[in-house]
Amino acid sequence: MLPISIGAGGNVDLAKDDKFAIPELLDGNGGNKPSLPTGNQGALSVGTRPELVQIGLSGSGTSKTEWVRYDTIGDGFFVRDNPIRLRRVIEILGRYMTEKYTAKSGNVPKAEDLARALNYEEIGATQGDKNDLATAAGMPATLLDGGVLAFRGVLGTTAQNHAQNERMIPVFRTHRRNEIYTGRPGARDFVTALDPKTGAREQHRVNWAYCDDDAEGWFGSACHVAFEEGTAGDFESNFWQMFSEVDPSNPSAAVNALANLNVESRDVTRLLKFPSGELPTQIGEEMYFGADFQGSPSPAPLTIDELEFFTPLTPAQELPRHPRFILSRDDGLEKNKLYLERDELRYNLWSRGGAAVEAIDPTSNLPQDGFVILVDDELIAIRQVDMINDEEAELTVAENGRGWLGTPIQYHPEGCSVRELTFLRVSRLDRNMSEKDERIEIADPIDFPMRGTVLVGKELLGYSHVEGNRLLMPSWRDPDTKAESGLLRGRFGTTPGSHQQDGLVYLFPTRYEDRWHPRSDDPELGYLGLRVQGRGAFFREVTWETTGGSKLVDVVVQARVGGRGSFTDDPAVSKDVFQFDQPATQDARNLVLRQGDELELRVFTRFRDGAYDTSVLDPDPPRLRGGNNDWKKAPRVMAVGVEWIAGPAGIRHEEWR
């Protein structure tokens with residue numbers, strides 16, 4: 001047996017390592033010479049497919065991870081002992097020994113040439129060296145493609161030195177019905193492994209993964225994956241058993257013929273990555289938030305204001321529920337175009353096409369006024385759909401639509417799943433907007449309530465009613481310059497800005513409304529109104545007490561004495577209109593010192609600049625980025641106090657009979 005693992009208790013020195021790779025492909029006539037593959041590596045039989053073990057962790061790449069091939073494990077070694085391979089090893093060693101001890105010349109390749117060829121990947125040779133290496137060793141150059149001969153540093157990893165006691169983790173395979181571009185685990189992915197039979201459920205992070213056509217002779221159905229940690233539970237594949245129990249000819253298996261061809265994903269041992277689109281596996285009486293499956297709590301406090309349960313819309317009424325669209329190609333970030341298959345959908349473990357899907361053409365039911373899709377980890381805002389031919393639907397990305405809501409901008413390969421997020425209420429901006437406009441014209445207002453807050457670009461805007469396709473807010477006229485602008489622009493401390501046509505307008509969920517505006521007396525403002533009345537009273541001071549709030553969210557109080565003046569007046573100039581920004585203290589008094597029959601108070605919540613941190617909307621966010629939740633906070637007013645003096649008032653009442 002030929003050990004290929006880390007040496008017996010010691011370190012591996014590649015410069016002195018005399019172990020050679022063993023070819024994965026042999027001729028089909030029982031010979032001991034390698035054969036040229038005429039098709040793909042799938043020519044390997046099941047018995048000659050190697051296993052893999054992982055040494056080291058990658059961190060953020062392959063620099064510290066190595067995958068090594070082996071056949072069996074024996075006497076503490078990972079071993080290559082397949083009989084067919086051993087026959088080839090005998091030939092290799094025979095040539096090596098002949099060259100080394102007899103110095104025989106002629107047609108026998110030199111030992112160093114043979115060693116260089118066999119360890120092609122280890123020595124870091126370039127692709128341009130391949131033919132020279134193979135010719136010198138007397139081997140077909142094709143055998144050096146894809147690391148066929150190498151057993152060290154395979155499938156995208158590199159052979160390297162390893163210290164004693166370095167961690168070794170098994171490499172396993174995932175299956176996805178010959179669709180190599182679907183269900184592809186990737187390095188650094190957080191995933192959940194589930195086994196419905198044993199009940200095992202564990203969260204892991206992928207250290208390294210390799211998905212390619214016919215890798216290791218497993219055709220296009222397998223991805224090779226290794227975690228950063230070993231599993232605590234047992235996970236056993238039951239896919240083929242499930243597959244054998246499917247009877248496509250049974251009309252009662254589902255509501256229509258398409259569903260007959262689908263395996264329920266929750267019944268198979270599987271890996272899930274958020275958002276998987278999988279329905280719950282059981283119905284419980286309690287819901288937990290902010291913790292993982294191991295019970296580790298979230299490091300941050302969590303407040304839930306509202307839970308909305310929705311049923312994902314199907315692309316068409318005639319089709320089974322919960323499908324995903326399939327990306328046919330991504331033209332890249334510069335062109336802002338993506339393309340969907342028109343005659344195929346993805347259900348659970350399968351992609352299904354054919355006459356039913358083609359006749360219905362689900363892409364034709366996508367909204368024409370804009371929508372949001374989730375592709376891998378990226379949210380993409382779409383403004384337009386065009387059926388460019390019989391096979392593809394073209395999606396045009398909205399203005400600043402890539403990496404929407406701060407998700408990472410990614411390139412998406414052909415065949416990945418595309419999910420329309422039907423619960424997001426959005427529409428396309430139908431005209432350009434300046435930083436002063438009070439009208440938000442959208443393509444279709446059907447999903448928008450009569451009042452609310454919307455996000456356009458990095459600005460939050462309030463609106464008070466809907467008229468036609470316009471979300472409207474009152475206009476505010478500056479009392480000094482007479483310039484007009486939208487009263488509810490720049491809500492929650494965002495900055496009013498201009499917005500281009502075709503940008504996405506998103507109905508933004510808020511805990512509180514932001515309805516404060518200085519020097520305004522509009523009925524759409526939101527405040528707590530209070531009055532203190534006393535004939536001929538003298539009002540001395542105003543103060544209040546609050547809890548909660550923050551430096552970016554506080555209370556502002558406006559006051560007006562005797563109904564004189566207007567709340568649009570400048571409080572720095574007016575004698576009867578006041579604005580107080582802080583509760584009174586011994587050093588800073590909120591003095592009124594005016595006489596009148598009443599004191600009118602308006603108590604507002606004020607969101608200062610930056611209460612909503614728009615940096616969270618930047619695409620490609622860093623792993624740990626800033627941001628705050630001040631826009632979700634509001635102070636609670638516990639008391640409002642007014643110090644005032646008023647004399648006795650006499651009331652005369654007469655009744656005549």
- Is the stretch 598-617 home to any residue that is more than 23 Å from residue 524 (Cβ to Cβ), of a type in the set (Ser, Thr, Tyr) and exposed (fewer than 13 other Cβ atoms within 10 Å of the Cβ)? no
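To keep it simple, each residue is scored yes or no on (1) under 37 Å from the mean Cα position of the chain (by Cα); (2) within 24 Å of residue 642 (Cα to Cα).
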| residue | (1), (2) |
| --- | --- |
| 475 | no, no |
| 490 | yes, no |
| 505 | yes, no |
| 530 | no, yes |
| 562 | no, yes |
- Task: Return yes or no: is residue 530 aliphatic (A, V, I, L, M), buried (at least 18 other Cβ atoms within 10 Å of the Cβ) and touching a strand residue (DSSP E or B) at 6+ places or on another chain (Cβ under 8 Å)?
- Result: no
- Task: Just give me the residues in the stretch 386-401 being in contact with a Leu (Cβ under 6 Å, 6 or more places away or on another chain) and not in a strand (DSSP E or B), in sequence order.
- Result: 398
- Query: Could you list, in sequence order, the residues of the stretch 385-402 that are under 17 Å from residue 502 (Cβ atoms) and at pLDDT 90 or above?
  - Reply: 385, 386, 394, 395, 396, 397, 398, 401, 402
- Going through the stretch 419-454 one residue at a time, which ones are outside any loop (DSSP other than H, G, I, E, B) and either more than 30 Å from residue 346 (Cβ to Cβ) or open to solvent by 60 Å² or more (accessible area, probe 1.4 Å) (or both)? 429, 433, 439, 440, 441, 442, 452, 453, 454
- Message: One residue is enough: does the stretch 473-487 have a residue meeting the conditions surrounded by 21 or more Cβ atoms within 10 Å (Cβ to Cβ), of a type in the set (A, V, I, L, M, F, W, C), part of a loop (DSSP other than H, G, I, E, B) and in contact (Cβ under 8 Å) with a residue 40 or more places away in the chain?
- Response: yes
- Take the stretch 584-617 and flag every residue that is under 30 Å from the mean Cα position of the chain (by Cα) and of a type in the set (Val, Ile, Thr). 614, 616
- Counting only strands (runs of 3 or more DSSP E) wholly inside the stretch 132-249, the ones holding at least 2 residues that are modelled with pLDDT of 75 or more and either surrounded by fewer than 19 Cβ atoms within 10 Å (Cβ to Cβ) or among the charged types (D, E, K, R) (or both) are 168-170, 172-175, 190-194, 201-211
- Query: Considering only residues of the stretch 501-515 that are touching a Lys or Arg at 6+ places or on another chain (Cβ under 7 Å) and in a loop (DSSP other than H, G, I, E, B), which is surrounded by the most Cβ atoms within 10 Å (Cβ to Cβ)?
  - Reply: 514
- Task: Please find, among 644, 631, the residue that is out of contact with any helix residue (DSSP H, G or I) (no Cβ under 8 Å at 6 or more places or on another chain) and either among the hydrophobic types (A, V, I, L, M, F, W, C) or open to solvent by 70 Å² or more (accessible area, probe 1.4 Å) (or both).
- Result: 644
- Determine the pairs where a residue that is under 17 Å from residue 523 (Cα atoms) and open to solvent by less than 30 Å² (accessible area, probe 1.4 Å), located within the stretch 561-573, has a partner that is acidic (Asp, Glu) and not in a loop (DSSP other than H, G, I, E, B) with Cβ atoms under 9 Å apart, the partner being 6 or more residues away or on another chain. 567/600
- Note on the structure: Expected output for the stretch 521-548 (first residue closer than 19 Å to residue 451 by Cβ and touching a residue at least 40 places away in the same chain (Cβ under 8 Å), partner assigned to a strand (DSSP E or B) and among the aromatic types (Phe, Trp, Tyr), Cβ below 6 Å, 6+ apart or cross-chain) is 527/604
- Odd one out for residue 549 among (1) open to solvent by 40 Å² or more (accessible area, probe 1.4 Å); (2) closer than 20 Å to residue 631 by Cβ: (1)
- Message: Restricting to the stretch 461-471, count the residues that are open to solvent by less than 40 Å² (accessible area, probe 1.4 Å) and more than 28 Å from residue 633 (Cβ to Cβ).
- Response: 1
- Note on the structure: Scanning the stretch 387-445 residue by residue, those polar (S, T, N, Q) and within 30 Å of residue 467 (Cβ to Cβ) turn out to be 396, 400, 422, 427, 432, 434
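A quick yes/no check of all residues on (1) hydroxyl-bearing (Ser, Thr, Tyr); (2) over 20 Å from the mean Cα position of the chain (by Cα); (3) open to solvent by less than 80 Å² (accessible area, probe 1.4 Å); (4) at pLDDT 75 or above:
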position: 303; (1), (2), (3), (4): yes, yes, no, no
position: 311; (1), (2), (3), (4): yes, yes, no, no
position: 341; (1), (2), (3), (4): no, yes, yes, yes
position: 358; (1), (2), (3), (4): no, yes, no, yes
position: 365; (1), (2), (3), (4): no, yes, no, yes
position: 382; (1), (2), (3), (4): no, no, yes, yes
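The values are calculated or read from the model by the stated rules, or taken from the named source; none is laboratory data. This structure is a prediction, so every number in the text was calculated from the model and none was measured. Neighbour counts run over all protein chains shown; Cβ positions are idealised from the backbone, glycine included. Side chains are part of the model used for accessible areas, which takes the heavy atoms of the whole protein and leaves out ligands, DNA and RNA. Shrake-Rupley method; radii C 1.70, N 1.55, O 1.52, S 1.80 Å.
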